[in-house]
Amino acid sequence: MRTRAIARPRALALAVALATTGTVLAGCASTAQTPASAGKSGHFVVAYSQSNNAEPYRAQLNIQLKYFMEKYKDVELLPIADAKQSSATQVSQVQQFIQRKVDALIVSPNEPAPLTSAVAQACKAKIPVVILDRSVNTDCYSAFIGGDNYVAGKKAGQLAVSLLPHGGNVGELQGILSDQPQIDRDKGFRDAIKANPKIHLVVHREAKWLKDDATRITGQWLAQGQKLDLVYAQNDPMALGGYLAASSAGKQKSIKFIGTDGLAIPDGGIRAVQQGQLAGTFIYPTCAKEAAATVEKLLHHQKVAKKSTLDIVAVTPANAAALYKQNDFSRYR
Amino acid sequence: MTGEVTGVAAPVQVAGWRRAVSILGSLQGYVGLVLVVAFGIVTRGDTFLSQANLTNAVGAFASRGILAVGETLVILTAGIDLSVGSMLGLASMVSAMLLVNQDLPPVVILPLCMLCGAAMGLVNGIGSTWLRIQPFVMTLATLSVFRGIDRQLSDNVSVGTQVAGPNGALTGHSNTFQLFGTPGHNLFAGTLGAGVYYPVLAFVLVCVLCQLLLSQTRFGRHVYAVGGNETAARLSGVNTDRVKIAVFVLCGLLAGFAGPIDAAYSASADPLAGTSYELDAIAAAVIGGASLAGGRGSVVGTFVGALILTLLDNVLGLNAVSDNLQLIIKGCIVVVAVVLQRPDLLRSLAHFVRRITARTGRSS
């Protein structure tokens, strides 16, 4: 018993030390992928705080931002900070960048409210801040660049209307129900399909943006005997998950699938449109190119638009190949 | 019906007794499954029982079910493995990368993934024994480490497993890889009618093999002994560290085995694949009658637990129950199932009834 009593604190300390190193290691692993410097001779240091590196859309954003930042030789982009979906982590990262006195800051907020004060602190420290995609509850930033999720949903709905001229039954695979993009895309889609009263949204369920959940849920719909003519998924992985379920039931030809995101990666939406798995998808802009240009202008004290909303580009079988080529950044990884 | 056994405290023979109790306990656990199935038949008879629907339901859970079997082995030794989801994620990424970048045949990919999983399990085992880190803490650390490696390897970009050759059709190996579980692709299709859906087959096979391992071999008895009373097991000559390392290695091996299934199911290895699967795996084991204190539980029970979880999800989905309500119902079912698992349930129920009747008898 005595040896145990002595051994336990030591084991505990070791365990804590190991858990800490483990977590730190994983943290390094996900941020160290950025080349240490984007241009050693740079005069300006720019930091980017990403809400979650591990989402495919955001991984593309990171790759593209690094690429476009490298075009400006006087700018050095610090290794991208990954908040791993935690607002608290992101606040502390932004604060660290403020302490480092970076020359400009780009933030993709994880959530609006928690990031507001951190952005305000940066603003107070006279650091120009560019906000990407999700807003914050203060006007004290230099520029906001984003897409419009309502428009993304609406365009998908319009495509559904044109694909179903005689009406039909529609299913909707939704992202996490409380996520703002989900709420907006859902509203846009529902508003657009009102154009044809013969189109009925017969089933809709939360597939949490995930492919395997979408496969499972679509499988259940088909087992229920739902007569579906079209499935709208709020992102491409869910659309492709639904397609997998339909093809396992031999119904992939009779059901049309619409996605959103339009990433130019081998298992992304543009390729799927090219291969005929999806009837169409919509490129939700990463804003990377515009963010890089805006930062460059801000650093040189030029005027920038306070708020810019980027277009949603429709991917059709006709333009898919060209769009893939245009948006493919895999060679810069 | 099993009440007499639980009070026995003799350390060495206790393992055998506990095993008997655990098997009876898992039989009792069928009640939960029967209820779920009955609910499915009553509400959605034809649909629910259709072969396609059951294949879909079990197939969707197969990779998590295999994790649950490995988890059961660890839990039986009074340990826990929180890193199974990360191990599965890394193995699924490794399988997709071996396929896409190296164009290896799937029969080579599978053992490599299992090896990779076993190596990860070895790390967990060594940390939990020689470094004397509690399994909870050790595997919490490796949950993070393995996920980090997964994300670093993939650069956070998912890897699709449907690789098209120059002529636009899938390459041979990529086509074969789909047999690991891409919906609609079955083994032995043609020779066996519609064929067998590999994830379901693999899950059942893993359950059978691991149950045999536990019930028929000396190693299996040692697993129960270590979990039942570690000191007693050590004093009676069991190399407890070796048993613990072995169960962690087996758990990792099974996670590696499940990796390609998960990749094929989504036709893509996602850097986040398997996140929070450890909770499903632990839930399946516990619903199946495994005690987190160790020494009690069986793979058969875990199989039933996994079926309860996935069929419940299926039944609720078929009945179009709202997503919010599903969460509440699933949580409640876990509580009910665990209560049903309790071996002394009937005895304590009888005791309770007797006390109530005695009291009312006295007061009247």
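The values are calculated or read from the model by the stated rules, or taken from the named source; none is laboratory data. Being a predicted model, the structure only gives us computed values, none of them experimental. Here the Cβ positions follow ideal geometry from the backbone for every residue, glycine too, while neighbour counts run over all protein chains shown.
Numbers below:
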item: Enumeration of residues in the range A:59-82 that are more than 16 Å from A:A104 (Cα to Cα), among the charged types (D, E, K, R) and surrounded by 22 or more Cβ atoms within 10 Å (Cβ to Cβ); result: A:D82
item: Test for A:V161: is it more than 14 Å from every other protein chain (Cβ to nearest Cβ), surrounded by 24 or more Cβ atoms within 10 Å (Cβ to Cβ) and either aromatic (F, W, Y) or touching a residue at least 24 places away in the same chain (Cβ under 8 Å) (or both); result: no
item: Per-region count, the range A:265-291, residues hydrophobic (A, V, I, L, M, F, W, C) and within 21 Å of A:S247 (Cβ to Cβ); result: 6
item: Failed item in (1) small (G, A, S); (2) within 14 Å of chain A (Cβ to nearest Cβ); (3) buried (at least 23 other Cβ atoms within 10 Å of the Cβ), with B:G228 passing the rest; result: (2)
item: Residues within the range B:195-251 that are basic (K, R) and closer than 30 Å to B:P106 by Cα, tallied; result: 0
item: Residue match in the range B:180-197 (condition: at pLDDT 90 or above, in contact with a strand residue (DSSP E or B) (Cβ under 8 Å, 6 or more places away or on another chain) and within 13 Å of chain A (Cβ to nearest Cβ)); result: yes
item: Helices (runs of 4 or more DSSP H) fully within the range B:252-364 counting 3 or more residues that are of a type in the set (S, T, N, Q) and at pLDDT below 85; result: B:345-363
item: Identity of the residue in the range B:267-306, among the small types (G, A, S) and farther than 20 Å from B:V336 by Cα, that ends up surrounded by the fewest Cβ atoms within 10 Å (Cβ to Cβ); result: B:S276
item: Matching residues in the range B:146-169 - criterion: being facing chain A (nearest Cβ under 7 Å), in contact (Cβ under 8 Å) with a residue 60 or more places away in the chain and assigned to a helix (DSSP H, G or I); result: B:R147, B:R151
item: Test: residue in the range B:236-243 that is in a helix (DSSP H, G or I), among the basic types (K, R) and touching a helix residue (DSSP H, G or I) at 6+ places or on another chain (Cβ under 7 Å); result: no
item: Qualifying position, being out of contact with any Phe, Trp or Tyr (no Cβ under 8 Å at 6 or more places or on another chain) and either within 21 Å of B:A255 (Cα to Cα) or at pLDDT 95 or above (or both), among B:M114, B:M97, B:M87; result: B:M97
item: Residues within the range B:309-352 that are among the β-branched types (V, I, T) and loosely packed, with under 12 Cβ neighbours inside 10 Å, tallied; result: 3
item: Every residue from the range B:91-145 that is without any contact (Cβ under 8 Å) to a residue 24 or more places away in the chain and outside any helix (DSSP H, G or I); result: B:L131, B:R132, B:I133, B:Q134
